[in-house]
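Below are the structure tokens for one structure; questions will follow.
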Amino acid sequence: MSWLWGEKKNQEKVKLDFTAKNRRRDLVTKVVKVHLELEMEYPETLNIVQSIRDTKTNFDLPMGIELKDAHLVHVEILDDIQE
């Protein structure tokens, strides 16, 4: 075939490093807020809020659930527990 700018040359195909992940149709993406109440003992001089921010937390979720993201939203210090 003759093109206006000359003969069309066969271009070499370039292999791409490409991955795709298909999402099941029955999956939904939602934001779920979970409120935890932790009973803790810690030294009075410790910054407990910063310590909680520095904590590494693991969730062992059931099969089929994928945790996309997590944020610490709020830390509230409640009154002392009376024994």
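The values are calculated or read from the model by the stated rules, or taken from the named source; none is laboratory data. This structure is a prediction, so every number in the text was calculated from the model and none was measured. Reconstructed Cβ throughout: ideal geometry from the backbone, glycine too, with neighbour counts over all protein chains shown.
Return yes when Lys33 is basic (Lys, Arg), under 16 Å from the mean Cα position of the chain (by Cα) and assigned to a loop (DSSP other than H, G, I, E, B) and no when it is not.
Spelling it out, Lys33 is indeed basic (Lys, Arg), under 16 Å from the mean Cα position of the chain (by Cα) and assigned to a loop (DSSP other than H, G, I, E, B).
Restricting attention to the stretch 29-83, report how many residues are among the charged types (D, E, K, R) and surrounded by 10 or more Cβ atoms within 10 Å (Cβ to Cβ). I'd like the intermediate steps shown before the answer.
At the first step, the residues of the stretch 29-83 found to be among the charged types (D, E, K, R) are 30, 33, 37, 39, 41, 44, 53-54, 56, 60, 66, 68-69, 76, 79-80, 83.
If we keep only those that are surrounded by 10 or more Cβ atoms within 10 Å (Cβ to Cβ) as well, we get 53.
Matching residues across the stretch 29-83 total 1.
Answer yes or no as to whether Pro43 is modelled with pLDDT of 90 or more, part of a loop (DSSP other than H, G, I, E, B) and within 19 Å of Thr29 (Cα to Cα).
Numbers: modelled with pLDDT of 90 or more: yes; part of a loop (DSSP other than H, G, I, E, B): yes; within 19 Å of Thr29 (Cα to Cα): no.
For Pro43, the condition - modelled with pLDDT of 90 or more, part of a loop (DSSP other than H, G, I, E, B) and within 19 Å of Thr29 (Cα to Cα) - is not met.
Further question on the same structure: Only one residue in Asn47, Asn58 is under 30 Å from Arg23 (Cβ atoms) and of a type in the set (S, T, N, Q), so which one is that? Lay out the reasoning, then the answer.
Details: Asn47 fails: under 30 Å from Arg23 (Cβ atoms).
On inspection, the qualifying residue turns out to be Asn58.
Also, I was wondering about something else. Quick check: anything in the stretch 4-24 in contact (Cβ under 8 Å) with a residue 24 or more places away in the chain and not basic (Lys, Arg)? So that I can check it myself, show each step before the final result.
So in the stretch 4-24, the residues in contact (Cβ under 8 Å) with a residue 24 or more places away in the chain come out as none.
Scanning the stretch 4-24, I find no residue that is in contact (Cβ under 8 Å) with a residue 24 or more places away in the chain and not basic (Lys, Arg), so the answer is no.
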